[in-house]
Amino acid sequence: MPTDIKQARDQSRRRRLDPASLLALLNPLTLFARRPTRLDDPAPQELIGRGVRFVERIYRMRMVGVATGLLCVGAGLVEQHAGWLAWTLLLMHALVWPQAARIWALRCRIPYRAERRNLVIDSVYAGFWVAAMHASLVPSAVIITMVSMDNIAAGGVRLFMRGLYANLTGFALGALVLGFDFAPHANLTTILASLPMLALYPLALGKTTYDMSRKLAERSRAFELVSQTDGLTGLFNRRYWENLLIWEFERCGKSDQPRHACLLLLDLDHFKSINDTHGHLVGDEVLRRFATLLRSNLREQDAIGRYGGEEFVVILRDTSASEAWQLTQRLVDEVRRYQVIPGGLRGCTVSAGLVPFDHGMEAHYVWLQRADHAMYRAKENGRDCVVAWHDDGAGGTWPAPDQRHPADAKKADTFGAATRPL
């Protein structure tokens with residue numbers, strides 16, 4: 001993220017805690033004024049058409065609100081013996097406004113902003129009906145509370161404060177048009193008529209909020225998966241598998257819980273010739289096939305990642321050196337067989353460097369460096385083979401000769417003291 005944008009966001013966070021910013025929320029001129037553009041704001045063209053789903057979501061909530069509110073306000077108007085003008089305005093509000101607000105918002109260039117404006121208008125209506133019911137306590141409190149819930153859920157404290165000023169404006173307008181005589185007491189019928197809105201609207205709002213949080217969680221998981229995987233092969237990308245390597249290194253290094261693990265570095269032999277001869281699209285397909293082969297021949301507990309280019313890395317968890325050797329040798333043999341299969345690896349073999357965890361390694365990058373050296377030693381040995389690091393201080397063979405198949409003896413190499421500078 002650019003430094004200037006980060007600084008702008010830091011300044012924005014500080015402003016939220018600043019007393020002057022809090023006092024500005026009480027100033028209607030500042031509250032309804034257009035907010036100054038900040039560096040971290042999206043470009044205006046990016047906002048065009050944004051918020052259609054928000055409009056549809058608020059439309060459904062508004063329909064629930066006017067349906068239950070019609071009963072609530074209607075009972076209050078009956079109790080106050082309201083005239084024909086109040087009833088006409090109530091019916092128009094219930095039948096016309098939800099449709100008009102939806103159409104109006106969807107036709108705007110930025111539907112999200114238009115719908116926030118509609119929420120402020122909802123607050124004006126709420127204040128108007130409080131005046132029409134002569135501030136009958138129960139239905140008035142229910143309506144103002146439900147509208148305020150909408151505002152704070154959709155726009156936070158700023159929109160909530162706008163809604164309060166809109167309530168006062170609507171109240172003044174209602175008192176001017178219909179007259180006002182303070183009568184806070186509500187009869188039992190009015191109280192009962194307020195219960196559907198008091199019960200159903202919060203349930204609808206809670207269901208909407210739950211659906212939103214579930215979608216956000218799914219998106220968060222999807223973004224997390226994208227941030228962890230390589231786009232071409234679907235394996236772990238370097239940033240993520242290196243974090244896994246650090247975690248595995250620390251886990252194995254705990255003296256109270258000794259564990260075995262091995263690091264395997266793989267490089268596709270002759271891959272460059274495929275790109276040069278057949279093109280990068282064919283090369284990409286070979287990489288995808290090799291990734292599929294790795295997934296099918298390794299275990300679920302093994303963390304498979306792409307190092308870069310045609311190099312891949314595998315963290316063999318809870319695996320002893322001898323088990324890792326056998327697994328790696330089977331993998332090399334399978335790649336050798338797969339290279340000649342139609343639709344296979346187009347002649348590619350694999351060179352592998354295998355390094356068991358050693359408590360003498362001072363950091364995870366030493367583990368990775370040793371695997372890199374082992375893999376390049378496999379290249380020097382003629383490719384299509386496994387080279388295992390054995391750091392026993394004597395440069396002895398590993399695994400023992402009697403544990404290897406004679407055909408594999410020529411393809412295996414172990415080294416330790418010769419490259420001890422790592």
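The values are calculated or read from the model by the stated rules, or taken from the named source; none is laboratory data. In this text, all values refer to a predicted model and were calculated from it rather than measured experimentally. Note: accessible area is taken over every heavy atom of the protein model, side chains too, but ligands, DNA and RNA are not part of it. Shrake-Rupley method; radii C 1.70, N 1.55, O 1.52, S 1.80 Å.
Given a 1.4 Å probe and the protein chains as shown, Arg113 ends up with an accessible area of around 110 Å². Taking all protein chains together and rolling a 1.4 Å probe, Asp150 ends up with roughly 20 Å² accessible.
Accessible area ranking (1.4 Å probe, heavy atoms, ligands and nucleic acids excluded), largest first, for Val138, Val73: Val138, Val73.
Rank these residues by their accessible area, most exposed first, probe 1.4 Å: Met92, Met146. Walk me through the intermediate numbers first.
Values: Met92 105, Met146 10 Å².
Putting Met92, Met146 in descending order of accessible area: Met92, Met146.
Protein-only accessible surface at a 1.4 angstrom probe places the residues Thr233, Thr277 in the order Thr277, Thr233, largest first. Computed over the Cα atoms of the range 204-245, the ratio of the radius of gyration to the Kirkwood radius (Rg/Rh) comes to 1.26. Rounded to the nearest 10 square angstrom, Val124 shows an accessible area of 40 square angstrom against a 1.4 Å probe. A straight line joining the Cα centroids of the range 259-312 and the range 337-365 runs 8 Å.
Share of pairwise Cα-Cα distances greater than 24 Å in the range 230-382 is 30 percent (whole percent).
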